[in-house]
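The values are calculated or read from the model by the stated rules, or taken from the named source; none is laboratory data. These numbers come from a predicted model, not from an experiment. Quick reminder, even Gly has a Cβ in these numbers, built from the backbone with ideal geometry, and neighbours come from all protein chains shown.
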């Protein structure tokens, strides 16, 4: 998918370049373990978890989201931090589902037209709004749905959000 006014690189440029594919940070492994990678990017936009170091946030994430208790993780849990971590987790679950639907449509393994790419820029925008509206589904719907032009795609994305 290209930005408006930007076209595919010519083959002679591609032949001289090293092309790297960089995917979104991992979210969940095949055993149900949730990685904090993208949440580490978003934590700075929250009030109570922002002051934590990356290491502290990771311990807190493992304790709250993955139920992996450690002394450090348990020490860091407060009701406010737990609420914020759960909001970020819900936001990332939604983003991940929309990304999966996008990939499924792009690889023709689904006929549901999802062409909206839930970028990290979008998760940052949503995380900022979570401070004022502590409801991940509402924030995603209010932030993302207006960006989608197709009425059918809007309904598909709205349904994905509601099912998470």
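Brief remarks on what is shown
- Positions within the range 70-87 being more than 25 Å from residue 137 (Cβ to Cβ) and not in a helix (DSSP H, G or I), in sequence order: 70
- Selection count, the range 19-45, where residues are at pLDDT 90 or above and either assigned to a helix (DSSP H, G or I) or farther than 17 Å from residue 118 by Cα (or both): 17
- Taking the numbered list (1) surrounded by 14 or more Cβ atoms within 10 Å (Cβ to Cβ); (2) under 18 Å from the mean Cα position of the chain (by Cα); (3) over 23 Å from residue 161 (Cα atoms) in turn, residue 50 passes all entries but (1).
- Scanning the range 24-34 for residues that are more than 11 Å from the chain's Cα centre (by Cα) and crowded, with 18+ Cβ neighbours inside 10 Å yields a single hit, 34.
- Here residue 125 does not fit the description of being modelled with pLDDT of 95 or more, in a helix (DSSP H, G or I) and within 24 Å of residue 33 (Cβ to Cβ).
- Residue 67 being more than 30 Å from residue 153 (Cα to Cα), in a loop (DSSP other than H, G, I, E, B) and within 21 Å of the chain's Cα centre (by Cα): yes
- Among residues of the range 130-140, those that are farther than 20 Å from residue 27 by Cβ and modelled with pLDDT of 95 or more, counted: 5
- Residue within the range 76-85 that is closer than 23 Å to residue 59 by Cβ and under 16 Å from the mean Cα position of the chain (by Cα) present: yes
- Picking from residues in the range 70-85 that are in contact with a helix residue (DSSP H, G or I) (Cβ under 7 Å, 6 or more places away or on another chain) and surrounded by 14 or more Cβ atoms within 10 Å (Cβ to Cβ), the one that is farthest from residue 157 (Cα to Cα) is 72.
- Number of residues in the range 135-157 that are surrounded by 14 or more Cβ atoms within 10 Å (Cβ to Cβ) and more than 16 Å from the chain's Cα centre (by Cα): the value is 4.
- Test: residue in the range 96-104 that is outside any helix (DSSP H, G or I) and surrounded by fewer than 16 Cβ atoms within 10 Å (Cβ to Cβ): no
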